[in-house]
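The values are calculated or read from the model by the stated rules, or taken from the named source; none is laboratory data. Just so we're clear, the structure is a prediction, and the values are computed from it rather than from any experiment. Don't worry about glycine lacking a Cβ; one is built from the backbone with ideal geometry, like all the others, and counts go over all protein chains shown. Areas reflect the complete protein model, heavy atoms only, side chains present, ligands, DNA and RNA absent. Shrake-Rupley method; radii C 1.70, N 1.55, O 1.52, S 1.80 Å.
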Amino acid sequence: MFSITIIILILTCIISFTAFSNQRVIDDLIFYPPAITQRNQWYRFITNGVIHADIAHLAFNMFSFYMFGEFVERYFVAIFDEKGKILYLAMYVSALAVCLIPTYFQNRDNYYYRSLGASGAVSAVIFAGIFLAPTIKLGLLFLPAFIPGFVFGPLYLILSAYMAKRGGDNINHSAHFWGAVWGVVFVIVTCLLLTGFNPITSFLNQIIDYFS
């Protein structure tokens, strides 16, 4: 049986490849704030995450998602038992919408603004993984390879916040930032409400052990 991660990956690839050659699919699914404001097409908060600008955009997102998704999904199952997979799916889908809320309020009447891609949800998965296993080794292009997650995470958030404020590169860095934040918030809230596991204490203890 396929994991939730693989199912999401396959569906996203199929729909994205379909959209590459069909502008109508893109127009119907893309995040377009005026269509939400004026026509109540709220589904666009979710559907934008299954289409991508090009193959490179799709490949980067899905590779990142695959590298972390399987790990985080297994972690969710270990923490939440049979509810783990459903909660993992809920985190991913909700992140697609939550990461775009600030973007929506900034552009709800902007007829020139459009956004697409699963980057916000992928960021949520990555940061859920970092929060659950903060000493995991990471690297990103110009950053040193194999640095611990608890160092990588803040650097990524600072960079995303800076790039979002600067703008001008046609990348929704705000979605990356808020998706990452949502991944951490989701883990904290669900663990404290549904289990006896305290992820905050676990996070801090793992960092202390790293330096001991």
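Before moving on, here are some points about what is shown:
- Of all the listed residues (F152, F146), the sole one being touching a strand residue (DSSP E or B) at 6+ places or on another chain (Cβ under 6 Å) and on the phi > 0 side of the Ramachandran plot is F146.
- Scanning region 178-198 for residues that are open to solvent by 50 Å² or more (accessible area, probe 1.4 Å) and touching a residue at least 12 places away in the same chain (Cβ under 8 Å) gives W178, W182, L194, F197.
- Residues (under 21 Å from the mean Cα position of the chain (by Cα) and of a type in the set (S, T, N, Q)) located in region 20-58: T47, N48
- Among residues of region 81-102, those that are more than 11 Å from the chain's Cα centre (by Cα) and closer than 12 Å to F186 by Cβ, counted: 4
- Restricting the search to helices (runs of 4 or more DSSP H) fully inside region 1-91 and requiring at least 2 residues that are surrounded by 14 or more Cβ atoms within 10 Å (Cβ to Cβ) and touching a His at 6+ places or on another chain (Cβ under 9 Å) gives 4-20, 55-80.
- Qualifying positions in region 98-118 - within 21 Å of A59 (Cα to Cα) and either assigned to a helix (DSSP H, G or I) or hydroxyl-bearing (S, T, Y) (or both): S115
- One residue stands out in region 161-173 among those that are under 19 Å from F65 (Cβ atoms) and of a type outside the set (A, V, I, L, M): the one that is surrounded by the most Cβ atoms within 10 Å (Cβ to Cβ), namely N172.
- Listed conditions (1) without any contact (Cβ under 8 Å) to a residue 40 or more places away in the chain; (2) farther than 19 Å from I15 by Cα are all met by C99, apart from (1).
- Looking only at region 116-160, residues that are at pLDDT 95 or above, surrounded by fewer than 22 Cβ atoms within 10 Å (Cβ to Cβ) and among the small types (G, A, S) come to 1 in all.
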